[in-house]
1. Around residue B:274, under 12 Å between beta carbons, what's the net of Lys plus Arg minus Asp minus Glu among the other residues?
2. With everything on Cα atoms, drop me the angle between helix B:72-81 and the longest principal axis of chain B, reported from 0 to 90° to the nearest 10.
3. Can you give the Rg to Rh ratio of chain A, both from alpha-carbon atoms, with Rh computed by the Kirkwood formula?
4. To the nearest whole number, what is the average tally of beta carbon atoms from other chains within 10 Å of the beta carbons of peptide B:12-25?
5. Tell me the label-point distance for the pair residue B:222, residue A:442, using the 7 Å Cα-to-Cβ offset, in nm and rounded to one decimal.
6. How far is it, in nm, from the label point at residue A:21 to the one at residue A:434 when both lie 7 Å from their Cα along the line to the Cβ?
7. Take peptide A:392-403, look around each residue's Cβ out to 10 angstrom, count Cβ atoms belonging to other protein chains, and average those counts.
8. What's the angle, to the nearest 10 degrees (0 to 90), between helix B:200-209's Cα axis and the longest principal axis of chain B?
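Bear in mind that the values in this text are calculations on the coordinates, not laboratory data. Fair warning: this is a prediction, and the values are worked out from it, not measured in the lab. Glycine gets a Cβ as well: all are built from the backbone with ideal geometry, and neighbour counts include every protein chain shown.
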Amino acid sequence: MVFSSIPFLYYFLPAVIAAYFISPKRLKNAMLLVFSLIFYAWGEPRFVVFMLISIAQGYLLGLLIEKFREKPKLRRVFTLLSCAISVGLLIWCKYADFFIKNFNALTGLSLPLLNIALPIGISFYTFQILSYTIDVARGSVSAQKNPITLGAYVAMFPQLIAGPIVRYSDIADQLSGRTHSLEKTAAGARRFVIGLAKKVLIANQLGELIAAFKATGDGSTLYMWLYAVAYAIHIYFDFSGYSDMAIGLGKIFGFDFPENFNYPFISKSATEFWRRWHITLGSWFRDYVYIPMGGNRVPKPRWLLNIFTVWFLTGFWHGADWTFILWGLFFAVLLVAEKTLYLKRLEKSKVLAHVYTLLFVTLSFVLFDSPSVGAAAKNIGAMFGAGGLPPISAEAVYNLRSYAAILIIGAVGSTPLLKNALGKISEKPLGKKLLNICEPIALLALLALCTGYLVDGSFNPFLYFRF
Amino acid sequence: MNDKLKNIAVTALCGLWIFAAAIWGLVSSDAEISLSERRKLAQFPEISAEALSSGGFMSGFEKYAADQFPLRDGFRRLKAIGEFYIFRQLDSNGIYLKNGYASKLEYPLKEETVKNAAEKFRRIYDLYLSGSGGKVYLSVIPDKNFFLAEAGGYPSIDFERLVGLLRENTEFAEYIDIFPTLEIEDYYRTDTHWRQEKIVDTAKALAEGMGAKLDEEYEEMTLEKPFYGVYYGQSALPLSGEKMIYLDSPIFDGVSVYNLEEDSYGGVYDLERANGADPYELFLSGPRSLMVIENPNAETDRELVIFRDSFGSSIAPLFVEAYKKITLIDIRYLPTMSIKYFADFEGADALFLYSTSVLNNSETLQ
């Protein structure tokens, strides 16, 4: 089930809100767990088993790790076992065929592919369980004694299938006792509706432009650039819209989930971009891979190895394909180059820094979206005149005109301009009063408009479902 | 309004909206069809262990929930308004508005399907027409995009190329050009079709091309109910209804129309269908595989077979005065190989009369 759907908005959501708030405090986590499993089973009934196995191993091994905290060998064994089960399930479901294909290509053998369907959200909840057991082993959190509470944490539907990656330590206290307030509920509703609008009104519409581009027989350099820019805005609004909805839902149920995006397109370097894009994934790799490997407090060759390992894994996490691995390594190269060569110089010219970052980020997303490395090279080449495409085509001009307003809204919405303007207005008493009156009306209008788009059916997959 | 009041308003309005729509959806009865979209609406899916485990129930429910949503047409209209007037998109679901006319984007030119149409026509010629003793004609009906698209900055197919391709591959047929007889005012604003009362000159040009003459004066009859064409429902825009006029004449009094599918006889106009979901079915009962119009009072013994799409329904009656028998065959619904069981081509002239939109999407021709 996706948030931006009629069944979620008008069947599941009212049901879970009613059941949750009617339930006594001691049953609220159980209620969340039950509804989360229904939510998950809605899309993939059989994959609930994978999730239950993950929860069960995390729960039992978490308890064992804590029990043998004073016995390092046993603690390490149980931690490694938990990590092996989590990562093993992920590798089995997500990467088995990738390894077989590459093994076949290298050896000339023809081992049959397993064709395992990818359980939705497995990359996200695997990382959550990993963080839990590792944090228990490190002693930074206590093991959860109540399986329902741990189950509610892992399976919690708002962030189950596309993040943000909420670590157990982020919400451990809230799982055992959280407050619900009008202020928090209103903030949650606001955040949810804004996320829904980002997804339905911007991301989905640009998704249709991208689909038209991919189906066209009327390609041109202009169309390539239009696609590349549209895709960058599309993926940002799609993913950050989902994160907004997740964070908003979390607030309605009394949780404070970590932020996942902070206007990444205003970054002035790739380094800054990754501090603002998919923050919870970046910080996860930093805390559980990069720093344990020594981070940057090691000799330069080792530091380079650390960087490339982390970005190889970051790319690979996004998908079992060389395009994703290259995408991760592409950023590794940029980050190393920035840190060792030109970051200081880049910071001296804001315009150049922005152009540089947007250009490389846009190109990186063309690679990200390409079905193969060859196609990526062809697409990126075509953006710069290779391949013999005409400079413009009728369809490209038409779609540029047709999607101009959405692209402009998307581009402006990717910056804090609107947020800052509203902040300025609300500094004055009259402005604040006006905004307070307008906000509920605007949110209701957005909700109605989004409902119209969903009722009429349109392009609506969440990109990050496949991860 | 202070922050607390604002928070109350946000929570109450959003909560009320979601819960009210949910309850409304639960208590309201399900509709069978959408008149505006001219389609059946999804019904509550069957619940079974298999449907639940395979996900069939879930996907069925998602369609059902969207199709049966309260005030569905109103929400669809809201979306169309959002696309056209808020986000300034040039089309909605592929439909655009130009000079008050709604039209569906038809782009690009699919040369292969045009050639496919020509192949189908050739097959019919080889099977039934080559030795029939009659003449074979071909004519192409431009869709509204011919008049609107290029001038309005919308992607447009090369109509000249389309006709050229078709003619190159149908050398057995004599081409009759009706493009000069048509203008945008000859079409409905909200529908794909042309208006019967505006195509008398087109019918005359076609008849002249086939060596016949049309002189009949017709009386314009207007349906009471406003006509909302197919684009009205598809676009969901607040377009106004328009007059539907059909042409009447005493010559139709003695004419009988045989409907193969229903094995029944009727008149040229089906007034009952004029009140149905698609009032354009007024003309010869709409899309039918095979219809035979017989005019015992015709001054000639000439016979005509028209291979046609839905545009043919409204123009065919205008040929009645010049032909004793007109057979209309729609190979979208009647496979070419089955035609021999129902139609006789001996001595009859044949006309392939197709719109550009069908020729550019000829996969439907059998």
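1. It works out to a net charge of -3.
2. Between helix and principal axis, roughly 80 degrees.
3. Computed over Cα atoms, the ratio is 0.97.
4. 5
5. For residue B:222 paired with residue A:442, the spin-label model returns 4.8 nm.
6. Simple spin-label model gives 3.2 nm for this pair.
7. 4
8. 40
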